[in-house]
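Inspection log for the structure reproduced underneath, given as structure tokens.
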Amino acid sequence: MGDSTLTRRGLLLGGALAVALLAVWAAAIASLWQSSVPDGLALPDVELGIDPATVARSERFEGFFRILFLASQLVLVAVLALYAWQGARFARESAAGRIGTGMLLGMIGLGLVWLARLPFRLVAVWWNRRYDQTDSGYLETLFANWLELGAEFLAICFALAVVMALAGRFPRRWWIGAAPVFVAIGAAFTFAFPALVQTEPLRRAPLAADARAYASAQGIDPVPVRVEDVSDFTKTPNAYAAGLGPTRTVVLWSTLLDGRFGDGEIRVVLAHELAHHSSRHLPEGIAWYALFAFPGAWLIALATRRRGGMAEPAAVPLALLVLVVLELASAPVYNLVSRNMEREADWVALETTRDPDAAAALFRHFTTESLNDPDPPRWAYLLFDSHPTTRQRIALAEAWRKRDAR
Amino acid sequence: MDGHPVRLRIDDDLRRSRLLVFFRPLLALPHLAWLWAWSWLVLAAAPVGWVAVVATRTQPHPLHRFFCAYVRYASQLAAFAALLANPFPGFTGAPGYPVEVTTPERLTQSRWKSALRAILAVPALLLAHALLGVLVTIALLAWFAALATGRMPSGLRDLGATIVRYLAQTAAYALLVTDRYAHASPALPREPEPRLFDPWETAR
């Protein structure tokens, strides 16, 4: 058998494998995209029912944040591009070996990211204070995130230790081994997250009883409902679902329970967060992450080859830049997936509470209290919004009412 | 003091990178996590070394190397965290850091002094604990000074280095790397002065 025949066979096999992997990837996406919201559900035109002055105020409030975010991302990419260009020089500040020096360069990169974002965070605090969304001080903002930053430093060191050790052994194929490690870490973090947040049990017995009834109605075991005190740094109401399996939890921010929201509205929130668990959105989120972790790691491997690959510390600054650019580029996709899940959680909450009036009241209330722009521009919606707009959510409640009336 | 087998060697030019100084507490975090893990292993191995020294008067080779690497690594980390040295240290305690302790070869030790080491080390450990507080203060002062000037004040560096040496000597004593008690003199070792020729000495 000649060399050219072998090469052709190798190419054919490689091509077939790539096509098979792409097919599996596409099938996984199609499966994860499934939603319990009825297919072809038409959203009716609805009146917002919010005072126009409030709408204008929320548009101004969010509009400024959009500009601030875009500016901060531009600065961030510029800083990281500069670091990718010149950052390898910091390797001479290291007496550590290959992996230790890579860790140092990774941490310096994160430090620069923190510095680049700092002015924007301070401006955000100023804007939030101006609109009475927070009582946080500027100094508090400056020092509040050090613990979080420390955790990020440790995380990047661990990630780089894994990647650089694998790349030292498998210079071109390290990403195949690294992606599953990161998915496993993501899953472990999701599992452990409820234990990392300081919360206390929900003390309002009727709401806790409703949560148990809703969990049963959604076909899952009771999920603990806990309250996180966030009053020191924000007035924005919020809630979230966290944990996997035995650690599943629903966490309500204390700002949701400070008297501004009625019990009917809080019940909708509880049903919505429980729906994230009953619809398995958290494991699905990990699966989505896995689908993008492999191509993402492959792109980083490809981009850093000219710097000697990820086995070399000099490639770390460039890898950081590629990672941030990939994150920015995938943000619209992430938001699309997130909106799909949130829409499903809204729908399941409506099916559970059967109270579209309370749901619509809650969504309106979010606009008046959190100053969510109820009708953001299309580009901003696609780029930034992880939830459906207020108008879409009110329309969904109305669609559910019409469907239920039939 | 010059006779102590755990010595300090300084090869530092006092220059400091401001960026590394600014983020120093965070840059030390992965090392602190590593030291924490390593310390548990050392705590688990220490009784084994103690039994071996009491029984045979010498530390087994692998344990001696392990403890020496630990003492060197902890000293390098202390020097980095307290800004006594500029570069990011390695994770193995390998020699070659600008501020580092040199550890002795394996020695024959007294059985009785080794048997009572846990008790004998207490005063040195207490003093080491107090000196650690001083080192933190030095680090805090040095952080501002180095951030402003890009250099480490030599006085602060030398004071900090003396403390690091004491900490290393205490750890080495407690871990039976040496049987010499930690020496608290603030003097740093100097190269021996060359003796001047004294004609009167020979004339007498």
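In this structure, is residue B:126 free of Cβ contacts under 8 Å to residues at least 40 places away in the same chain, away from chain A (no Cβ under 14 Å) and not hydroxyl-bearing (Ser, Thr, Tyr)? Walk me through how you get there before you give the answer.
Values: free of Cβ contacts under 8 Å to residues at least 40 places away in the same chain: yes; away from chain A (no Cβ under 14 Å): yes; not hydroxyl-bearing (Ser, Thr, Tyr): yes.
Criteria met by residue B:126.
How many residues, within the range B:28-45, are surrounded by 11 or more Cβ atoms within 10 Å (Cβ to Cβ), farther than 12 Å from residue B:89 by Cβ, away from every other protein chain (no Cβ under 12 Å) and among the hydrophobic types (A, V, I, L, M, F, W, C)?
4
For the range B:93-116, give me the residue count where each residue is among the small types (Gly, Ala, Ser), in a loop (DSSP other than H, G, I, E, B) and over 24 Å from residue B:164 (Cα atoms). First the steps, then the outcome.
First, pick out the residues of the range B:93-116 that are among the small types (Gly, Ala, Ser): B:93-94, B:96, B:110, B:114-115.
Cutting the leftovers down to in a loop (DSSP other than H, G, I, E, B) gives us B:93-94, B:96, B:110.
If we keep only those that are over 24 Å from residue B:164 (Cα atoms) too, we end up with B:110.
Summing the residues that are among the small types (Gly, Ala, Ser), in a loop (DSSP other than H, G, I, E, B) and over 24 Å from residue B:164 (Cα atoms) in the range B:93-116 gives 1.
Of (1) within 14 Å of chain B (Cβ to nearest Cβ); (2) free of Cβ contacts under 8 Å to residues at least 24 places away in the same chain; (3) touching a Phe, Trp or Tyr at 6+ places or on another chain (Cβ under 7 Å), residue A:92 satisfies all except one. Which?
Only one criterion in (1) within 14 Å of chain B (Cβ to nearest Cβ); (2) free of Cβ contacts under 8 Å to residues at least 24 places away in the same chain; (3) touching a Phe, Trp or Tyr at 6+ places or on another chain (Cβ under 7 Å) is unmet by residue A:92, namely (3).
Of all residues in the range A:358-382, which are farther than 19 Å from residue A:239 by Cα, assigned to a helix (DSSP H, G or I) and either in contact with a Leu (Cβ under 7 Å, 6 or more places away or on another chain) or free of Cβ contacts under 8 Å to residues at least 60 places away in the same chain (or both)?
Matches in the range A:358-382: A:378, A:379, A:381, A:382.
Just give me the residues in the range A:24-43 being within 25 Å of residue A:399 (Cα to Cα) and β-branched (Val, Ile, Thr), in sequence order.
A:37
Look at the range A:247-276 and say how many of its residues are under 11 Å from residue A:346 (Cα atoms) and of a type in the set (Asp, Glu).
At the first step, the residues of the range A:247-276 found to be under 11 Å from residue A:346 (Cα atoms) are A:268-276.
Retained after the next criterion (residues that are of a type in the set (Asp, Glu)): A:273.
Total satisfying the criteria: 1.
Does the range A:337-350 include one or more residues that are crowded, with 17+ Cβ neighbours inside 10 Å, over 21 Å from the mean Cα position of the chain (by Cα) and modelled with pLDDT under 95?
Within the range A:337-350, none of the residues are crowded, with 17+ Cβ neighbours inside 10 Å, over 21 Å from the mean Cα position of the chain (by Cα) and modelled with pLDDT under 95.
Among (1) surrounded by fewer than 18 Cβ atoms within 10 Å (Cβ to Cβ); (2) under 30 Å from residue B:85 (Cβ atoms); (3) not small (Gly, Ala, Ser), there is one condition residue A:93 misses while meeting the rest; what is its number?
Looking at each condition in turn, residue A:93 falls short on (1).
Evaluate the range B:169-177: report whether one residue or more is loosely packed, with under 15 Cβ neighbours inside 10 Å and either of a type in the set (Val, Ile, Thr) or at pLDDT below 95 (or both). Quick ask: steps written out before the conclusion?
Quick first cut of the range B:169-177, residues loosely packed, with under 15 Cβ neighbours inside 10 Å only: none.
Within the range B:169-177, none of the residues are loosely packed, with under 15 Cβ neighbours inside 10 Å and either of a type in the set (Val, Ile, Thr) or at pLDDT below 95 (or both).
If a residue must be closer than 30 Å to residue A:113 by Cβ and without any contact (Cβ under 8 Å) to a residue 12 or more places away in the chain, how many such residues does the range B:31-57 contain? Before you say what the answer is, go through the steps one by one.
Residues of the range B:31-57 that are closer than 30 Å to residue A:113 by Cβ, as a first pass: B:31-38.
Narrowing the set further to residues that are without any contact (Cβ under 8 Å) to a residue 12 or more places away in the chain leaves B:33, B:36-37.
Going through the range B:31-57 one residue at a time, the tally reaches 3.
Do the conditions hold for residue A:159, that is, is it within 23 Å of the chain's Cα centre (by Cα) and within 28 Å of residue A:296 (Cα to Cα)? Before you say what the answer is, go through the steps one by one.
Values: within 23 Å of the chain's Cα centre (by Cα): yes; within 28 Å of residue A:296 (Cα to Cα): yes.
Spelling it out, residue A:159 is indeed within 23 Å of the chain's Cα centre (by Cα) and within 28 Å of residue A:296 (Cα to Cα).
Could you please find all residues in the range A:50-87 being buried (at least 18 other Cβ atoms within 10 Å of the Cβ) and within 14 Å of chain B (Cβ to nearest Cβ)?
Within the range A:50-87, A:79, A:83, A:87 meet the criteria.
So which residues in the range A:104-159 are out of contact with any helix residue (DSSP H, G or I) (no Cβ under 7 Å at 6 or more places or on another chain), among the aromatic types (Phe, Trp, Tyr) and more than 10 Å from chain B (Cβ to nearest Cβ), if there are any at all?
Within the range A:104-159, A:126, A:143 meet the criteria.
Of the residues B:105, B:100, only one is of a type outside the set (Phe, Trp, Tyr), within 14 Å of chain A (Cβ to nearest Cβ) and within 21 Å of residue B:181 (Cα to Cα); which? Quick ask: steps written out before the conclusion?
Values: B:105 fails: within 14 Å of chain A (Cβ to nearest Cβ).
One residue alone meets the criteria, B:100.
Select from the range B:75-124 the residues that are over 30 Å from residue B:139 (Cβ atoms) and β-branched (Val, Ile, Thr) and write down the one among them that is surrounded by the most Cβ atoms within 10 Å (Cβ to Cβ).
In this case the residue turns out to be B:108.
When the range A:214-266 is examined, which residues are found to be within 23 Å of residue A:397 (Cα to Cα) and small (Gly, Ala, Ser)?
Result: A:215, A:216, A:217, A:219, A:239, A:241, A:262, A:264.
Could you pull out the residue among B:157, B:106, B:117, B:165 that is in contact (Cβ under 8 Å) with a residue 24 or more places away in the chain and in contact with a His (Cβ under 6 Å, 6 or more places away or on another chain)?
That would be B:106, the only listed residue that is in contact (Cβ under 8 Å) with a residue 24 or more places away in the chain and in contact with a His (Cβ under 6 Å, 6 or more places away or on another chain).
Taking the condition of being of a type in the set (S, T, N, Q) and under 19 Å from the mean Cα position of the chain (by Cα), how many residues in the range A:162-213 meet it?
1
Evaluate the following for residue A:162: is it away from every other protein chain (no Cβ under 14 Å) and under 23 Å from residue B:34 (Cβ atoms)?
Values: away from every other protein chain (no Cβ under 14 Å): no; under 23 Å from residue B:34 (Cβ atoms): yes.
Here the answer is no, as residue A:162 does not meet what is asked.
With of a type in the set (A, V, I, L, M) and farther than 19 Å from residue A:359 by Cα as the only criterion, which of A:274, A:320 stands out? Spell out the reasoning first.
Working: A:274 fails: farther than 19 Å from residue A:359 by Cα.
Answer to the selection: A:320.
The values are calculated or read from the model by the stated rules, or taken from the named source; none is laboratory data. No experiment lies behind these values; they were computed from the predicted model shown. Cβ atoms come from the backbone with ideal geometry, glycine included; neighbour counts cover every protein chain shown.
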